[in-house]
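Here the structure comes first, spelled out in structure tokens, and everything after it is commentary.
FYI, it's all coordinate maths here, none of it is from the lab. All figures in this text were calculated on a predicted structure; none of them were measured in a lab. Neighbour counts are summed over all protein chains in view; Cβ atoms, including those assigned to glycine, are modelled from backbone coordinates with ideal geometry.
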Amino acid sequence: MRLVIIGPPGAGKGTQAKFIQGQFGIPQISTGDILRKAASDHTVLGDKASVFVQAGKLVPDDLTLDMVTERLSADDCTKGYILDGFPRTVPQAKGLETWLKGLGSQLDRVLYLNVPEEALIQRLAGRRTCRGCGTLYHLVFDPPRQPGICDDCRRELYQREDDRGNIITARLETYKAQTVPLIKFYRERGLLTEIDGVERAGKVKDQVFESLV
Ligand code: AMP
């Protein structure tokens, strides 16, 4: 099953992708996670990308497309994958489509998590991530048992640099300008399933799983 999850920052793409990974045994591929790792390792890609990430802008299409097609060529992707955060522009979507076509393949489904903007700012500002296992928390909606510590692996929780102040606003503007056109792109191809992402993660998960059977 080759899936894409699209939606605004804070819609819960990563959370739902992890649920799908657990249920269907296909890997979650988060371009944001790959870019953050590259930035912290100071690779050439990471250094180039950081400037864009920290401004709430998108990393150029050629860089992200190369990064994703390389990742999708790995052995663990042969049975499928969940792309979380890619594509984010129509040129990326076209690039992915062409690359898949070259392999005689195509996407099976695109899930669009729809969440209104008012809810997103609150979600992003309260989001915390575990440094060890990547589990996501929210200070108000889904706090860890012990403040600042992951329930699962006991490592420290951190706040993403781009989940602060005006970078949040910039990311939402970038989403509206560059990613929203993908909704039409995939709807026209008959691939889009819209999910109401406003509810708590567990309820959204039920809708997501229902749409995948
Ligand atoms: P995310 O973790 O998905 O919210 O991504 C964090 C940041 O990484 C985004 O705000 C972008 O700067 C960058 N990024 C992630 N995925 C992409 C993509 N597909 N195209 C361009 N930039 C991306």
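A few points about this structure:
- Cα shape, segment 28-78, gyration tensor, a/c 1.5 rule: prolate
- Segment 1-121, relative contact order [Cα under 8 Å, separation at least 6], %: 49
- 5 angstrom amide H check on R109, placed H, neighbours 5+ away: R2, V4
- Total charge dipole magnitude, the chain, about the Cα centre, Cβ charges on Lys, Arg, Asp, Glu only, Debye to nearest 20: 160
- Between the listed residues P143, T89, Q207, the Cα displaced farthest toward the positive end of the dipole of the chain, a dipole computed from Cβ unit charges relative to the Cα centre, is found at P143.
- Percentage relative contact order, the chain, counting C-alpha pairs under 8 Å, at least six apart: 30
- Net charge over other residues, Cβ less than 10 angstrom from the Cβ of N114 (K, R count +1; D, E count -1): -2
- Compared with the rule-of-thumb size 2.2 N^0.38 Å for a compact globular protein, the chain has a Cα radius of gyration ratio of 0.98.
- Dipole of segment 1-127 computed with +1 at Lys/Arg Cβ and -1 at Asp/Glu Cβ about the Cα centre; of I5, T43, S30, farthest Cα towards the positive end is I5.
- Environment charge at V53 (Cβ cut-off 13 Å; Lys +1, Arg +1, Asp -1, Glu -1): +3
- Greater than 23 Å apart at Cα, pairs in K101/K176; K57/K94; K13/K37: K101/K176
- Charge dipole (Cα centre; +1 on Lys/Arg Cβ, -1 on Asp/Glu Cβ; no other charges) of segment 63-128 amounts to roughly 140 debye.
- Proximal aspartates and glutamates relative to K205, as straight alpha-carbon distance under 14 Å, when same-chain residues fewer than 8 apart are discounted: E194, D196
- Computed about the Cα centre, the dipole magnitude for segment 129-213 is approximately 160 debye when only Lys and Arg (+1) and Asp and Glu (-1) carry charge, each at its Cβ.
- Note on segment 101-213: Kirkwood radius taken over Cα pairs, Stokes-Einstein applied at 20 °C and 1.002 mPa s, translational D equal to 131 µm² s⁻¹.
- The alpha carbon centroids of segment 1-48 and segment 167-207 are separated by 15 Å.
- When the Cα convex hull of segment 21-107 is projected onto planes of every orientation, the mean area is 6.0 nm².
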